[in-house]
Amino acid sequence: MAERPEDLNLPNAVITRIIKEALPEGVNISKEARSAISRAASVFVLYATSCANNFAMKGKRKTLNASDVLSAMEEMEFQRFVTPLKEALEAYRREQKGKKEASEQKKKDKDKKTDSEEQDKNRDEDNEEDEERLEEEEQNEEEEVDN
């Protein structure tokens, strides 16, 4: 578990991408400034996690959930970020629901295909049995005619 900000190193590529998205085009950032932002982000993550954990503990839970994080943001006086976070959370949930439904539909389609293939196989076997029976009957009829 990370006890200090130095213990939590966010990937430089992620920090750089976030910085580039936040700054206007053509603005550069020094390596030292990027390092400072990375450390600040680490401190923020640790602090937000600690605050959210307090809300989970108050609820006698060991698992942090989204409402804990949103409550922590308010407690940390970041109220202006709560609405955008809620919107992002709803978008994430809709996306996950869509993925789950697509996965379930794919599974149903696969099961239907498997059932259909099995029915086709059973039908083919039944047809073969019918053909064999008809051939036997024809042979028996021919034998009776010959006799």
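The values are calculated or read from the model by the stated rules, or taken from the named source; none is laboratory data. Bear in mind that the values here come from a model prediction, so they are computed numbers and not experimental data. Ideal geometry is used to build each Cβ from the backbone, glycine not excepted, and the neighbour counts take in all protein chains shown. Quick note on the areas: whole protein, heavy atoms, side chains included, nothing else; ligands and nucleic acids left out. Shrake-Rupley method; radii C 1.70, N 1.55, O 1.52, S 1.80 Å.
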task = For the chain, with all protein chains present and a 1.4 Å probe, just round the carbon and sulfur fraction of the accessible area to a whole percent.
result = 49 percent
remark   = Given a Förster distance of 25 Å, the FRET efficiency implied by the Cβ-Cβ spacing of E90 and M57, rounded to the nearest 0.05, works out to 0.45
ask   = For K20 and E117 in one chain, what is 0.36 nm times their gap in residues minus the Cα-Cα distance, to one decimal in nm?
value = 29.6 nm
request  = Figure the gain on full extension for E131 and K107 (residue separation times 0.36 nm, minus the Cα-Cα span) and round it to one decimal in nm.
outcome  = 5.1 nm
query = Where only protein heavy atoms count, and the probe is 1.4 Å, what is the accessible area per residue for the stretch 1-77 in Å²?
reply = 75 Å²
request  = Compute, for V43, the solvent-accessible surface of its heavy atoms (probe 1.4 Å) with the complete set of protein chains present, and express it in square angstrom to the nearest 10.
outcome  = 70 Å²
request  = Sequence neighbours fewer than 8 away in the same chain don't count; with that in mind, list the lysines whose C-alpha is under 17 Å from K97.
outcome  = K86, K106, K107, K108
task = Please work out the Kirkwood hydrodynamic radius for the chain, using every pair of different C-alpha atoms, and report it in angstroms with one decimal place.
result = 22.0 Å
inquiry  = Net charge around T83, counting only other residues with Cβ within less than 15 Å of its Cβ (Lys, Arg = +1; Asp, Glu = -1)?
reply    = -2
task = May I ask for the angle, rounded to the nearest 10°, between helix 66-75 and the longest principal axis of the chain, with both axes built from Cα atoms and the value confined to 0 to 90°?
result = 10 degrees
ask   = Computed over the Cα atoms, what is the radius of gyration of the stretch 1-77 divided by 2.2 N^0.38 Å, N being its residue count?
value = 1.32
query = Taking only C-alpha pairs under 8 Å that are 6+ residues apart, what is the relative contact order of the chain in percent?
reply = 14 percent
ask   = Under a Cβ-Cβ cut-off of 14 Å, what is the net charge of the residues other than C51 that fall near it, where Lys and Arg count +1 and Asp and Glu count -1?
value = -3
